[in-house]
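Input: a single structure, listed below in structure tokens.
The values are calculated or read from the model by the stated rules, or taken from the named source; none is laboratory data. None of these values were measured; they are calculated from a predicted model. A quick note on method: Cβ atoms are made from the backbone with ideal geometry, for glycine too, and the neighbour counts reach across all protein chains shown.
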Amino acid sequence: MATSNKFLHTFRHLTRATGSGTARTLVPRVTRPIVSAPMNGWSGPNLVAAVANHGGFPIYPIGYYTDPYNILQELKNTTTLIHDVDPPTTPSNTDFLPYAVGFISFWLERQGPELLLAILRGEGDTSSSHKRPPAAYWFSFGDYRPYLALVREHGRPGSKVIVQVNTVQEAVEAQNNKVDVIVVQGTEAGGHGAQKVSPLMTLLPEVVHALHENKTASQVPVVLAAGGISTALQFKAVESMGASGVVIGTGFMLTDESPGPQRAKDRLLKTQDGGVNTVRTRIFDDLREFDWPEGYDGRVVRNLVTEREARYEQAHGPKFNKGEAAFKLLKEDHSGVKADYVKATAEQDYDLLPLWSGTGVGLLKKQISAAAFMDLLLGKEQQ
Ligand SMILES: Cc1cc2nc3c(=O)[nH]c(=O)nc-3n(C[C@H](O)[C@H](O)[C@H](O)COP(=O)(O)O)c2cc1C
């Protein structure tokens, strides 16, 4: 991969040592412009480490956290799995852990900034003498600006901020706010996103055009593409439209290192024709009672709940928003209650639970290691 790649250039300060003694040299750590998305329940220490160890840049999912202590412990576990991150013998102010932490902005607002501040202080590091923070902070869904300001004020110089956007306007605002990396997420994406959003095919080039208008190259942030990308041809296509790299969610769900349940992975593997067999909905946020702000929904594999929701809405208009009404959809005769959702969760019943997935699921034909998947994306193997 050419070093002119803007994403790789941005993270070239992340190095690892090879050799020992006088033969010890530092080489760039991030060599593949592939980012694994922050996915609650579907990414974790093993996947983050696998992506980092194969030259990618992973985002550890902070998501809907309630216990900051546990997150810091898990970050420490993650660090132990990443190769060549031994703390330097002399403390250095330019040292970072080679991953980002991914926050959901509206959830962070509910919980308060303490966890972010602890991570900025390096409290997710294993080293007792010289604490290193992650290299970057990812924010999606909601107002990231207060947290951007916290990173700029309390973060180690060189800390990067990544923001995921769904519109041209959001992208230009992020550029004006001097965000380092903008992730352009199209409607194809698995998991959450804006309800009103273009396909990546049109959103990405329009964002790239807007970011370059009246700007010099150095004023344009790194642009990454997200949504439905599963293959090397798609990787090349978004690269040709101005992306420096990709953010992949669904593709990494189907890797060995993803902590998602095997029965869910098997179901993903059976899902073809992703535009037909996935759908965007808010119903699962209502069932989980996460109270997502207006304007967002999430793409899932169609199941009994989404079919019943669609049938109901066809007959009566959109009704199943929030509260007890949503639980009714857990039973065919609309007699479902909250206990049915608790039971479905215990039984991992994906006829009733959300199986987040992008439209690119139909292109994913087998479960493989994260490293093998990254090689496929870069066309290092026949697809
Ligand atoms: C299971 C799952 C969980 C996700 N969770 C988050 C999240 O917590 N925060 C976030 O910014 N994006 C989240 N996303 C969206 C990703 O950041 C990314 O935009 C998306 O996965 C890209 O599309 P793809 O899944 O088709 O590759 C999630 C996606 C999936 C599939």
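In summary, Pro205 fulfils each of the numbered conditions (1) farther than 20 Å from Ala136 by Cα; (2) in a loop (DSSP other than H, G, I, E, B) with the single exception of condition (2). Evaluation of Thr3 against the conditions (1) surrounded by fewer than 22 Cβ atoms within 10 Å (Cβ to Cβ); (2) over 19 Å from Gly245 (Cβ atoms); (3) modelled with pLDDT under 95 shows that the sole unmet condition is (2). Within the stretch 196-227, the residues that satisfy the criterion of being within 15 Å of the ligand (Cβ to nearest atom) and of a type outside the set (S, T, N, Q) are Val197, Pro199, Leu200, Met201, Leu203, Leu204, Val207, Val223, Leu224, Ala225, Ala226, Gly227.
As a summary of the residue check, Gln185 satisfies the conditions (1) closer than 20 Å to Gly275 by Cβ; (2) of a type outside the set (A, V, I, L, M, F, W, C); (3) free of Cβ contacts under 8 Å to residues at least 40 places away in the same chain; (4) within 14 Å of the ligand (Cβ to nearest atom) except for the one numbered (3). For the stretch 228-308, the strands (runs of 3 or more DSSP E) that sit wholly inside it and include 1 or more residues that are away from the ligand (no atom under 13 Å from the Cβ) and surrounded by fewer than 22 Cβ atoms within 10 Å (Cβ to Cβ) are 278-281.
Could we say that Gly19 is touching a strand residue (DSSP E or B) at 6+ places or on another chain (Cβ under 8 Å) and at positive phi here? Spelling it out, Gly19 is indeed touching a strand residue (DSSP E or B) at 6+ places or on another chain (Cβ under 8 Å) and at positive phi. Of all residues in the stretch 141-161, none are over 23 Å from Met253 (Cβ atoms), at pLDDT below 95 and among the acidic types (Asp, Glu). Kindly check whether there is at least one residue in the stretch 312-330 that is within 13 Å of the ligand (Cβ to nearest atom) and either assigned by TED's automatic domain parsing to the domain that holds Asn46 or assigned to a loop (DSSP other than H, G, I, E, B) (or both). So far as the stretch 312-330 goes, no, none of its residues is within 13 Å of the ligand (Cβ to nearest atom) and either assigned by TED's automatic domain parsing to the domain that holds Asn46 or assigned to a loop (DSSP other than H, G, I, E, B) (or both).
Based on this model, can you work out whether Thr22 counts as surrounded by fewer than 19 Cβ atoms within 10 Å (Cβ to Cβ), without any contact (Cβ under 8 Å) to a residue 40 or more places away in the chain and closer than 29 Å to Ser230 by Cα? So Thr22 fails the test.
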